[in-house]
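Written below as structure tokens is the structure these notes are about.
The values are calculated or read from the model by the stated rules, or taken from the named source; none is laboratory data. Computed from a prediction, not measured in an experiment: that's the story for all the values here. So basically every Cβ, Gly included, is an ideal-geometry build from the backbone, and we count neighbours across all protein chains shown.
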Amino acid sequence: MRKFALLALLSIAATPPAADAKSIYDFTLKSIDGQPTPLSEYKGKVVLLVNVASRCGFTPQYTALQATFDKYKSRGLVIVGVPANNFMGQEPGTNEEIKSFCSKKYSVTFPLMSKLSVKGDDKTPLYGFLTSKSANPKFGGEIQWNFTKFLFDRNGNPVARFEPNVTPDSPEVTAAIEAALGR
């Protein structure tokens, strides 16, 4: 128990406040298995970051997320799923339950992070940065629902934001991914 608490503190300490951040590479999340995952591990890749939930009307987007990942991963795309329980309790499970659900029901192989908050007083610093109009004027603004998608270029800069009703395999997301991969 002490080891877990220490790891949790170290992970939080490694993540700067949103005001100090310059890109997503300045943040560390925990993997779905609880391991610290600096987003700087994705330097040089195009990243699609998505807040996900297992009991949402948009949950079937996992199929398109996985297909998009399979289609573009060899060209440098990584999709990062971030489970969040901020909207009507639609992600109530533990990290283990979420991982099992995603694997069994949708054959997810892209990285999943530990459940966190994307909205409210307990919003994680990464989402504080992403939603800040001063830090991120073009794509900032509160997360309205599950499956909001942020696309980042190979330098960790945001290049697009897609609301939940825009599917990962839609023409606008596909065009944005291909443009980011081509840079």
key: Top-ranked residue in the stretch 90-102 [being within 17 Å of the chain's Cα centre (by Cα) and part of a helix (DSSP H, G or I); ranked as nearest to Thr124 (Cα to Cα)]   = Asn95
task = Look through the stretch 149-163, keep the residues that are of a type outside the set (Asp, Glu), surrounded by fewer than 20 Cβ atoms within 10 Å (Cβ to Cβ) and out of contact with any Gly (no Cβ under 9 Å at 6 or more places or on another chain), and return whichever of them is nearest to Ser23 (Cα to Cα).
result = Asn157
message = Looking at Pro125, Pro158, Pro168, Pro111 in this structure, which one is under 20 Å from Thr37 (Cα atoms) and touching a helix residue (DSSP H, G or I) at 6+ places or on another chain (Cβ under 6 Å)?
response = Pro125
task = Would you please list the contacts, defined by Cβ atoms under 7 Å and residues six or more apart or on different chains, that run from a residue in the stretch 96-112 that is within 15 Å of Pro60 (Cα to Cα) to a residue that is modelled with pLDDT under 95 and crowded, with 18+ Cβ neighbours inside 10 Å?
result = none
ask   = Among the residues of the stretch 54-89, how many are on the phi < 0 side of the Ramachandran plot, out of contact with any Gly (no Cβ under 9 Å at 6 or more places or on another chain) and assigned to a loop (DSSP other than H, G, I, E, B)?
value = 6
Single condition Asp121 does not satisfy, out of (1) modelled with pLDDT under 95; (2) of a type in the set (D, E, K, R); (3) touching an Asp or Glu at 6+ places or on another chain (Cβ under 8 Å) = (3)
query = Which one of Leu116, Leu39 is touching a Gly at 6+ places or on another chain (Cβ under 8 Å) and either farther than 21 Å from Pro171 by Cα or among the aliphatic types (A, V, I, L, M) (or both)?
reply = Leu39
query = Which of (1) surrounded by 14 or more Cβ atoms within 10 Å (Cβ to Cβ); (2) free of Cβ contacts under 8 Å to residues at least 24 places away in the same chain; (3) not hydroxyl-bearing (Ser, Thr, Tyr) is the odd one out, the single condition Glu172 does not satisfy?
reply = (1)
ask   = Can you tell me which residues in the stretch 34-46 are surrounded by fewer than 24 Cβ atoms within 10 Å (Cβ to Cβ) and part of a strand (DSSP E or B)?
value = Pro36, Thr37, Pro38
inquiry  = The conditions are (1) out of contact with any Lys or Arg (no Cβ under 6 Å at 6 or more places or on another chain); (2) of a type in the set (A, V, I, L, M); (3) modelled with pLDDT of 95 or more, and Leu181 fails exactly one of them. Which is it?
reply    = (1)
Verdict on Ser134 being surrounded by fewer than 20 Cβ atoms within 10 Å (Cβ to Cβ), closer than 22 Å to Tyr42 by Cα and hydroxyl-bearing (Ser, Thr, Tyr) = no
